[in-house]
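Participant: Can you read through this structure? Questions will come right after.
The values are calculated or read from the model by the stated rules, or taken from the named source; none is laboratory data. As the structure is a computational prediction, the values presented were derived from the model and not from experiment. Glycine gets a Cβ as well: all are built from the backbone with ideal geometry, and neighbour counts include every protein chain shown. Quick note on the areas: whole protein, heavy atoms, side chains included, nothing else; ligands and nucleic acids left out. Shrake-Rupley method; radii C 1.70, N 1.55, O 1.52, S 1.80 Å.
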Amino acid sequence: KAKSYLYPQEDRKLMGCKVIELPYRMLYGVLDREGMRLGEAVGLRWADFDLDRGVIRLDENKTDDPRAWALDPGVTQALAKWRKLRKDEPTSALVFVHPDGTPHSVRNDGLSALFRDVHVKQAGITRPELFLRSKSRLPLRVHDLRATFVTLSLANGKTESWVADRTGHRSSQMINTYRRDARTAAELALGPLLPLDQVIPEFKKRSGRAADGGDAPPKERAKNIVPISSSSKRRCSKTSVGQEGLEPSTDGLKVRSSTD
């Protein structure tokens with residue numbers, strides 16, 4: 001079925017929406033800037049990162065093919081700042097967890113529904129196809145942040161090898177499923193994603209000190225996932241996500257139809 005990806009302007013809104021708890025924004029922002037699978041990301045520990053040099057090591061993954069690569073500099077800076085907010089946790093601690101510190105369960109915790117039906121809407125992202133479910137289309141999922149990474153990387157001139165080093169794709173055929181979307185993104189001049197440390201308000205500096213909102217993640221949250229009906233009522237104001245220009249036209253936009 002046809003699937004979607006986020007535009008850079010939409011990612012900027014998502015990352016800048018402080019209504020969405022920081023642990024979730026960090027996960028989303030790293031996924032669409034580094035291209036790993038969700039299951040790989042939620043298993044990462046601080047020991048898997050060398051933040052002094054900007055390197056990630058992913059020894060355990062779906063394809064049993066250990067890989068390492070240079071992180072985007074903005075991701076390195078954001079992770080370093082986030083770890084300080086988390087009181088310099090030990091290297092054995094999981095990097096991506098729920099706001100109360102509990103681990104993610106990829107299959108059971110409803111993260112895709114929370115992402116699409118609560119967080120994306122709270123950020124003021126309204127592009128219709130992101131929410132459409134039909135015989136020919138799937139609505140946006142957390143997994144599609146990986147598609148965002150591949151599509152925008154190819155659209156902005158990154159090579160197939162560079163992409164595969166990060167995603168772990170083993171064949172050109174798998175990466176080629178994204179090329180039509182990448183050509184469309186290039187024609188629309190969507191541009192790349194902005195550096196993660198620059199689009200998350202908590203990491204911006206003000207008069208030499210961290211901007212407000214940079215507290216450590218909350219220690220408690222409701223059991224399982226916050227009900228969509230109540231959580232979705234809270235939205236970011238226009239001032240909290242910055243002034244946005246006109247969104248690119250989606251006329252003629254085609255999306256990939258092959259599975260990852």
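Participant: Using modelled backbone amide H atoms (1.01 Å from N, in-plane), which distant-in-sequence or interchain residues come within less than 5 Å of Arg137's amide H?
Facilitator: Ala2
Participant: Something else about it: For the modelled label position 7 Å from the Cα of Arg179 along Cα-to-Cβ, which residues of the stretch 132-158 have backbone nitrogen atoms closer than 13 Å?
Facilitator: In the stretch 132-158, the label zone of Arg179 (backbone N under 13 Å from the point 7 Å along Cα→Cβ) covers 154-155.
Participant: Still on this model: What's the ranking of 39-49, 84-94, 168-178, 115-125 by average number of surrounding C-beta atoms within 10 Å, highest first? Write down the numbers at each step before the final one.
Facilitator: Details: 39-49: 17.9, 84-94: 12.1, 168-178: 16.2, 115-125: 21.0.
The packing order, highest mean first, is 115-125, 39-49, 168-178, 84-94.
Participant: In the structure displayed, which of Lys1/Lys158; Lys3/Lys158; Lys13/Lys204; Lys18/Lys205 lie more than 19 Å apart, Cα to Cα?
Facilitator: Lys1/Lys158; Lys3/Lys158
Participant: If I compute solvent accessible area with a 1.4 Å probe over the protein chains, what percent of it on the stretch 10-66 is carbon and sulfur?
Facilitator: That share works out to 39 percent.
Participant: Pop the C-beta distance of Lys87 and Ser134 into the FRET formula with R0 = 41 Å and round what comes out to the nearest 0.05. If you can, show how the numbers build up before the last one.
Facilitator: Values: r = 46 Å, r/R0 = 1.13.
According to the calculation, E is roughly 0.35.
Participant: Work out the FRET efficiency for Arg45 and Gln198 from their Cβ-Cβ distance, taking R0 = 25 Å, and round it to the nearest 0.05.
Facilitator: Details: r = 26 Å, r/R0 = 1.03.
After rounding, the FRET efficiency stands at 0.45.
Participant: With label points built 7 Å along Cα→Cβ from the Cα atoms of Ala189 and Trp162, find their separation and express it in nm.
Facilitator: Taking the simple label geometry, Ala189 and Trp162 are separated by 2.1 nm.
Participant: Same structure, new question: Whose amide H sits under 5 Å from the amide H of Val55, counting only residues 5 or more places off or on another chain, with H placed in the peptide plane?
Facilitator: Result for Val55 returns Asp50, Leu71.
Participant: What is the extension gain from Arg53 to Lys1, computed as 0.36 nm multiplied by their sequence separation minus the C-alpha to C-alpha distance, in nm to one decimal?
Facilitator: 14.7 nm
Participant: Mean 1/r over all different Cα pairs, inverted: what Kirkwood radius does the stretch 1-43 give, in Å?
Facilitator: 11.3
Participant: Using a 7 Å offset from the Cα along the Cα-to-Cβ direction at both Val19 and Lys205, what is the distance between the two label points in nm, to one decimal?
Facilitator: Label at Val19, label at Lys205, 3.1 nm between them.
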